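The values are calculated or read from the model by the stated rules, or taken from the named source; none is laboratory data. Quick caveat: nothing in here was measured; it's all calculated off a predicted structure. Here the Cβ positions follow ideal geometry from the backbone for every residue, glycine too, while neighbour counts run over all protein chains shown.
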Amino acid sequence: MEKIIVNSTLLIALLGDITDESADAIVNAANSSLMGGGGVDGAIHRAGGPAILDDCKRIVAKIGRLPAGRAVITGGGRLKAKYVIHTVGPVWHGGNAKEPEILASCYTESLKLAISNNIKTIAFPAISTGVYGYPAQLAANTALNAVADFIRKEKSQLEQVRFVLYDRDSYTIYLKELDNLANKYSI
């Protein structure tokens, strides 16, 4: 199953490049400096251009480094998306350093920002599964459950939450976890 509906919000897994998404907002798996880097973070900064970095510099000057599990929002620069929500995922240390709670917070804090900015469509990458080493299957389970739980509890205008996976293995994992989620909630 590549999509399910939770409280009238469509959750969908897609194979693709998040920098090409035309959602109202895309989520950046950022590092705490917000200055760009490798993986998704670097790709978003390169595709979006200097306006995103300028916004990030202003945020860091105001609040300092962004802690893991928190999120901030900037404009989308040259991206198709109007906004970029930057969140810092946890580095995997075996699962006993609150990694699942921090990862879930990345998703819920991003969704809170989406709601407060009247965003109707949002696209997430697989946060923390690259250089931060979070096991993809565990990350997918945490991500999908955090989003579904949030949507079930919150009244929102969210129409669609996309999980945009860059490689086929991650996409396959998300499809399996969407099936598990549908069975869990009998959707």
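Would you mind finding the one in 84, 147 that is of a type in the set (A, V, I, L, M) and within 17 Å of residue 41 (Cβ to Cβ)?
Testing whether each residue is of a type in the set (A, V, I, L, M) and within 17 Å of residue 41 (Cβ to Cβ) leaves just 84.
Restricting attention to the stretch 177-186, does a residue exist that is surrounded by fewer than 18 Cβ atoms within 10 Å (Cβ to Cβ) and at pLDDT 95 or above? Within the stretch 177-186, not a single residue is surrounded by fewer than 18 Cβ atoms within 10 Å (Cβ to Cβ) and at pLDDT 95 or above. Checking residue 77 against (1) within 14 Å of the chain's Cα centre (by Cα); (2) modelled with pLDDT of 95 or more; (3) under 20 Å from residue 17 (Cβ atoms), which single condition isn't satisfied? With (1) within 14 Å of the chain's Cα centre (by Cα); (2) modelled with pLDDT of 95 or more; (3) under 20 Å from residue 17 (Cβ atoms) applied to residue 77, the lone miss is (1). Quick test of your reading of the structure: residue 168 fulfils all but one of (1) free of Cβ contacts under 8 Å to residues at least 40 places away in the same chain; (2) closer than 17 Å to residue 18 by Cβ; (3) surrounded by fewer than 18 Cβ atoms within 10 Å (Cβ to Cβ). Name the failing condition by number. Going through (1) free of Cβ contacts under 8 Å to residues at least 40 places away in the same chain; (2) closer than 17 Å to residue 18 by Cβ; (3) surrounded by fewer than 18 Cβ atoms within 10 Å (Cβ to Cβ) one by one, residue 168 breaks only (1).
Of all residues in the stretch 83-139, those being crowded, with 24+ Cβ neighbours inside 10 Å, of a type in the set (Phe, Trp, Tyr) and either part of a strand (DSSP E or B) or without any contact (Cβ under 8 Å) to a residue 12 or more places away in the chain (or both) number 1. The set of residues in the stretch 15-45 being without any contact (Cβ under 8 Å) to a residue 24 or more places away in the chain and surrounded by fewer than 21 Cβ atoms within 10 Å (Cβ to Cβ) consists of 36, 37, 42.
Mind counting the residues in the stretch 77-106 that are closer than 14 Å to residue 140 by Cα, in contact with a strand residue (DSSP E or B) (Cβ under 6 Å, 6 or more places away or on another chain) and not hydrophobic (A, V, I, L, M, F, W, C)? Residues in the stretch 77-106 being closer than 14 Å to residue 140 by Cα, in contact with a strand residue (DSSP E or B) (Cβ under 6 Å, 6 or more places away or on another chain) and not hydrophobic (A, V, I, L, M, F, W, C): 1 in total.
The strands (runs of 3 or more DSSP E) found wholly in the stretch 1-71 and carrying at least 3 residues that are under 15 Å from the mean Cα position of the chain (by Cα) occupy 9-15, 25-30. Evaluate the stretch 141-155: report whether one residue or more is in a loop (DSSP other than H, G, I, E, B), of a type outside the set (Lys, Arg) and either surrounded by fewer than 18 Cβ atoms within 10 Å (Cβ to Cβ) or at pLDDT below 95 (or both). Yes: the stretch 141-155 contains one or more residues that are in a loop (DSSP other than H, G, I, E, B), of a type outside the set (Lys, Arg) and either surrounded by fewer than 18 Cβ atoms within 10 Å (Cβ to Cβ) or at pLDDT below 95 (or both).
Among the residues making up the stretch 106-156, those that are out of contact with any helix residue (DSSP H, G or I) (no Cβ under 8 Å at 6 or more places or on another chain) and either hydroxyl-bearing (Ser, Thr, Tyr) or at positive phi (or both) are 110, 116, 118, 121, 132, 133. Under the condition of being touching a residue at least 40 places away in the same chain (Cβ under 8 Å) and either in a strand (DSSP E or B) or crowded, with 18+ Cβ neighbours inside 10 Å (or both), the residues counted in the stretch 72-82 number 5. Here residue 130 fulfils each of the conditions (1) within 22 Å of residue 99 (Cβ to Cβ); (2) modelled with pLDDT of 95 or more apart from (2). Here is the figure for the stretch 23-57: residues that are closer than 28 Å to residue 9 by Cβ and charged (D, E, K, R) total 3.
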